[in-house]
Amino acid sequence: MRLGASSRVVAAALVCFAVLTGCSGEPEPPPLAEATKKLVSDGDAVASWLEARMTELTKERADGPDRNSSCGPDKERRFYIAKGDFADSSKESPVNLVGLLKTELVSRGYHNEVVDNLDLWEDDTSVAVLVNSESRLTFILFARLEPKPNVAIIGKTECYSRSD
């Protein structure tokens, strides 16, 4: 009888542990290759709104070497960077452009906005930082009238161990 009671206690403890670790509310991050693919896809979708409005549009699509980052020596992350200048800044509004870009990201699952214009309080400049909690990707949207470049979109993965 003693062995049966101990087995039930151990089983109950294992179930509690599984429930606590499995339901912590934070999903496991996708593998780096999968996160990078989504980063590029989402970045291209957002940057497509810039192509008709920008000159000197450049894109770095997470395909180069890892940039120096705050991840540490045994970790890495991928970046998506698009920058450009307004074709005619007299016809552009940084606030409206960032709002348009933000709407695209929200449609792609970026529902956690950690920074917005109210954090900046700056005329002729607009910023938003959005996070997709499922893919653990972050995008920074930035637009200003002066100086150039006027617009920057920066997306990044979280830090991954170099062995992942």
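The values are calculated or read from the model by the stated rules, or taken from the named source; none is laboratory data. This is a predicted model, so every value here is computed, not measured. Methodologically, a virtual Cβ is constructed for each residue, glycine included, from the backbone with ideal geometry; neighbour enumeration extends over all protein chains shown. Remember, those area values only see protein heavy atoms, side chains included, never the ligands or the DNA or RNA. Shrake-Rupley method; radii C 1.70, N 1.55, O 1.52, S 1.80 Å.
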Can you give me the number of residues within the stretch 116-142 that are in contact (Cβ under 8 Å) with a residue 40 or more places away in the chain, over 8 Å from the mean Cα position of the chain (by Cα) and open to solvent by 20 Å² or more (accessible area, probe 1.4 Å)? 3
Among the residues of the stretch 1-45, which ones are touching a Lys or Arg at 6+ places or on another chain (Cβ under 9 Å) and either at pLDDT 90 or above or part of a helix (DSSP H, G or I) (or both)? PRO30, LEU32, ALA35, THR36, LYS38, LEU39, VAL40, SER41, ASP42, GLY43, ASP44, ALA45
Taking the stretch 119-164 as the search range and keeping residues that are of a type in the set (Lys, Arg) and part of a strand (DSSP E or B), which one is farthest from LYS91 (Cα to Cα)? LYS156
Please go through the stretch 46-99 and give me each residue that is hydrophobic (A, V, I, L, M, F, W, C), open to solvent by less than 50 Å² (accessible area, probe 1.4 Å) and not in a strand (DSSP E or B), ordered by number. VAL46, ALA47, LEU50, ALA62, CYS71, LEU97, VAL98
Yes/no for ARG77 being at pLDDT below 90 and among the charged types (D, E, K, R): no
Hey, among the residues in the stretch 100-115 that are part of a strand (DSSP E or B) and not polar (S, T, N, Q), which one's surrounded by the fewest Cβ atoms within 10 Å (Cβ to Cβ)? VAL114
Among residues of the stretch 145-159 being of a type outside the set (A, V, I, L, M) and in contact with an Asp or Glu (Cβ under 6 Å, 6 or more places away or on another chain), the residue most open to solvent (accessible area, probe 1.4 Å) is LYS148
